[in-house]
1. Can you give me the three principal axis dimensions of segment A:98-165 from its C-alpha atoms, in Å, biggest first?
2. For a quick check: with amide H placed at 1.01 Å from N, whose amide H comes under 5 Å from B:T34's, ignoring anything fewer than 5 positions away on the same chain?
3. Evaluate E = 1/(1 + (r/R0)^6) for A:Q148 and B:Q181, where r is the Cβ-Cβ distance and R0 equals 56 Å; express this FRET efficiency to the nearest 0.05.
4. Among A:K157, A:K120, rank each residue by its count of other Cβ atoms within 10 Å, from fewest to most, as a rough exposure measure.
5. Which whole number gives the average, over all residues in B:119-132, of C-beta atoms from other chains lying within 10 Å of the residue C-beta?
6. Note the full-extension length gain between A:A198 and A:V124 as 0.36 nm times their separation in residues minus their Cα-Cα distance, in nm to one decimal.
7. May I ask for the Rg/Rh ratio of segment B:78-199, computed from Cα atoms with Rh as the Kirkwood radius, given to two decimals?
8. On a full-extension model of 0.36 nm per residue, what is the gain between B:H30 and B:H131, subtracting their alpha-carbon distance, rounded to one decimal in nm?
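Read-outs throughout are calculated quantities, based only on the coordinates presented, and are distinct from any laboratory measurement. It should be emphasised that the depicted structure is a prediction, and the values quoted were computed from it without experimental measurement. Here the Cβ positions follow ideal geometry from the backbone for every residue, glycine too, while neighbour counts run over all protein chains shown.
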Amino acid sequence: MSFTGMGGFRAEELVGQELAGGPLPTAGVRARRRGRPRVWRVTIFVLAAIFFVGPLLAAFKFSLLQDNGHYGFANYGQILSNSAVRSSLTTSLEIAVITAAIVVILMLPTIVWVRLRQPKLTPVMELVTLLPIVIPPVVMAAGLEVLQEDAPQWMIKLVFNHPLTALTPFYAVLAMPFSYRAIDTGIRAIDLRTLVDASRNLGASWSSTLLRVILPNVQTAVLGAMFLTVALCLGEVVIASLLLYNTFPVEMVALRLQSHVGVSVALSMITLLFTFLLLFLLSFLAQRRHGAASVRVL
Amino acid sequence: MAGFGGWGGIVPFAAYVALFLGLPLYVVVHGALTTDSNHFTFSNFSTTFSYPSYRQAFENSLILSLWTSLLGAVFGIWLAAAVVTAKPGGMLHRIVQSSSGVLAYFAGVPLAFAFIAALGEVGVATLLLRHIGINLYTDGFTLSSMLGVGLCYVYFQIPLMVILITPALEGLRPEWQEAAQGLGASKLGYLRHVAVPVLLPSVVGSTLILFGNAFSAYATALALVGSTLDIVPAQIDSAINGNVEVGADRLGLALGVEMILVILVVMVGYWLVQRRARRWLQ
């Protein structure tokens with residue numbers, strides 16, 4: 001499979017030689033190709049390495065530059081020693097964990113129910129869970145700002161006064177494109193009806209069927225949905241920043257504006273590494289039998 | 001799970017979506033379509049079209065989305081093709097897929113900072129280039145310009161293209177190439193008559209998604225420049241937050257509705273080409 005001028009060029013060369021009436025070079029060309037890496041592949045890997053790894057290396061170097069002008073790992077230590085950073089990280093981690101829990105509690109029973117009782121709702125579910133992609137985060141934030149302005153006092157106290165209550169419900173919505181697809185793929189891979197019938201016939205209630213029969217069978221898919229949700233919560237900045245909540249990514253931006261560039265870059269590196277590890281782990285989970293969790297949404 | 005029969009099972013999910021997605025959406029649309037005294041009007045929309053600054057922001061956003069999606073598509077397909085033809089199931093696949101996921105969906109702020117470290121005024125690449133005589137910043141480049149922000153966008157557009165196009169590339173069966181060559185097609189002939197026609201709908205569809213993705217993105221620009229960059233999300237941000245003038249927040253909401261409409265058009269286009277793509281690639 002070639003998709004570049006390179007592949008096409010070689011094919012033309014080959015055709016040319018055939019037309020010239022020389023000996024068929026096919027076998028020789030194949031052998032030569034196998035022996036040496038193809039130019040078009042090497043080219044893109046080199047370009048990708050420069051473009052993608054370059055800025056990351058630069059960021060790593062920057063993250064080692066401390067406020068006192070020396071190089072060292074002090075900026076990384078700020079994640080523990082700087083109380084503003086620590087409290088914003090705690091907030092973000094709390095949001096992430098609670099959002100992941102809401103996502104599972106909301107999505108798993110709904111998806112099971114749709115599969116069992118109303119499979120004709122499946123296209124509707126697919127469409128609805130894609131909606132957060134259609135609505136840009138900045139527009140969502142604008143809507144929330146208007147709600148916040150017009151909200152009665154009790155609602156401000158109950159919901160908008162703390163990032164945990166204000167952001168978590170909406171992050172669960174933003175995570176729907178990922179979480180729905182991850183869990184739905186897991187549910188599709190098991191023989192749901194047989195499992196449920198067997199469990200019900202043996203006298204299990206719906207809740208214990210869900211918790212003790214279905215959940216263990218789709219645990220990798222559920223874990224995948226939770227990983228993706230956590231990654232989203234640790235990365236989301238637009239809504240939190242526009243609504244003036246001090247989450248971890250918002251604190252990173254603030255640190256840069258206070259010209260603690262080294263610290264903000266160090267925190268970026270930690271975030272990137274952590275999110276990468278989440279998704280890397282996910283790729284191993286996806287390999288196991290019942291959970292083809294994937295980052296692909298569309 | 002008591003109301004499991006009939007339609008009861010959908011109620012919690014439907015209520016949740018209505019409250020936390022439907023309500024903010026309703027507030028935006030309602031605010032965009034009314035005056036301060038709560039009368040129905042289209043004037044917010046017509047005002048956004050007549051303001052030169054908003055028109056400029058739309059133009060900037062569309063141009064930015066267009067070139068970053070095209071560049072992302074070309075290099076994304078290229079990279080995905082190189083990865084797909086490598087050893088399947090290997091470490092390379094895993095690492096490329098995982099890092100693509102991180103960069104495409106979850107890394108707005110960190111990747112902006114990586115670019116500041118590389119191409120900012122005292123960035124590593126900027127200094128390296130100065131050593132060999134290329135002075136980016138005296139040549140008119142800044143990271144907070146449209147070009148600089150766009151370069152950052154390409155950093156998440158390429159990975160998104162890799163994620164979107166990889167299944168289509170994997171769906172190209174080796175038997176098709178063998179069959180084509182068995183029937184006497186050259187490699188070029190196979191590409192022109194089999195691979196390209198099969199892949200084209202997926203490529204067009206994925207590029208549309210990249211366009212919509214860049215159009216609605218704001219995190220990277222926010223971390224890089226703040227709300228002063230002249231693109232639509234930044235205009236919404238300052239209209240809502242800035243208190244520049246009376247009624248500005250309704251204009252912000254109207255801009256928001258216009259953004260949603262642009263993305264809806266993109267998604268319908270995606271859906272149309274995707275129907276064609278599904279014919280071959282299951």
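1. The principal-axis extents, from largest down, are 42, 24, 19 Å.
2. Amide H neighbours of B:T34: B:T41.
3. 0.30
4. If I rank by nearby Cβ atoms, fewest first, I get A:K120, A:K157.
5. Other-chain Cβ atoms within 10 Å of each residue's Cβ, averaged: 2.
6. 23.8 nm
7. 1.15
8. Going from the current span to full extension adds 30.8 nm.
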